[in-house]
Amino acid sequence: MPLSLFGEAKITIACNQEGITSFSNEYVNDYILATLLRTNDSERLGLYLTYSTDGVLIDVDFSYLTKDDIPDARKEEIEKKSVEYAESRIASFKKQTGANKIGRNDLCPCGSGKKYKRCCSN
Ligand SMILES: [Zn+2]
């Protein structure tokens, strides 16, 4: 299946493998909406790939989400998740790079697209 991306396509890809991982579409959609809030993107494509136990791609699904997809009743909950995911990205970054210090002028690992000093350094 051909996949063409033009311009600034923002994509979140969720890979599931039978018997190993199984993220529900609700979980991934919440993750994408929380990411949207963090990055201040107007829209984000969610791509859901499912692999069999022997590594064959057996299912592809997608959803196209915007901030309008966040119901008013769930705004606070999604905002809270947005902060949790940002903190988790920073913790993973530090763990993976072994870097205890993030450069003040580096892009913030939380995914906001801002410099660290203007984002999560406090
Ligand atoms: Zn940040």
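The values are calculated or read from the model by the stated rules, or taken from the named source; none is laboratory data. Values in this document were obtained by computation on a predicted structure and should not be read as measured data. Counting neighbours? That spans all protein chains shown, and the Cβs are built from the backbone with ideal geometry, glycine included. Only protein heavy atoms, including side chains, enter the accessible area calculation; ligands, DNA and RNA are left aside. Shrake-Rupley method; radii C 1.70, N 1.55, O 1.52, S 1.80 Å.
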In the range 11-31, anything touching a helix residue (DSSP H, G or I) at 6+ places or on another chain (Cβ under 9 Å) and open to solvent by less than 70 Å² (accessible area, probe 1.4 Å) is listed as Thr12, Ala14, Asn29, Asp30, Tyr31
Taking the range 53-81 and keeping residues β-branched (Val, Ile, Thr) and under 26 Å from Ile20 (Cα atoms) leaves Thr53, Val56, Ile58, Val60
Filtering the range 95-104 for residues that are within 13 Å of the ligand (Cβ to nearest atom) and either in contact (Cβ under 8 Å) with a residue 60 or more places away in the chain or open to solvent by 50 Å² or more (accessible area, probe 1.4 Å) (or both) leaves a count of 1
**Any hit, the range 41-52, residues being open to solvent by 50 Å² or more (accessible area, probe 1.4 Å) and more than 16 Å from the chain's Cα centre (by Cα)** = yes
Those residues of the range 19-48 which are within 16 Å of the ligand (Cβ to nearest atom) and touching a Ser or Thr at 6+ places or on another chain (Cβ under 7 Å) amount to Ala34, Thr35, Leu37, Arg38, Thr39
- Kindly indicate whether Ser63 is among the hydroxyl-bearing types (Ser, Thr, Tyr), surrounded by 15 or more Cβ atoms within 10 Å (Cβ to Cβ), within 15 Å of the ligand (Cβ to nearest atom) and touching a residue at least 24 places away in the same chain (Cβ under 8 Å). no
So, first residue modelled with pLDDT under 90 in the range 108-119, second residue among the aromatic types (Phe, Trp, Tyr) and more than 7 Å from the ligand (Cβ to nearest atom), Cβ within less than 9 Å, six or more apart or across chains; the pairs are Gly111/Tyr85
Just one listed residue, out of Glu87, Glu77, is away from the ligand (no atom under 16 Å from the Cβ) and acidic (Asp, Glu), and it is Glu77
Taking the range 105-122 and keeping residues part of a strand (DSSP E or B) and open to solvent by less than 100 Å² (accessible area, probe 1.4 Å) leaves Lys115
Taking the range 105-115 and the residues there that are touching a strand residue (DSSP E or B) at 6+ places or on another chain (Cβ under 9 Å) and either among the hydrophobic types (A, V, I, L, M, F, W, C) or within 18 Å of Asp41 (Cα to Cα) (or both), the one that is nearest to the ligand (Cβ to nearest atom) would be Cys108
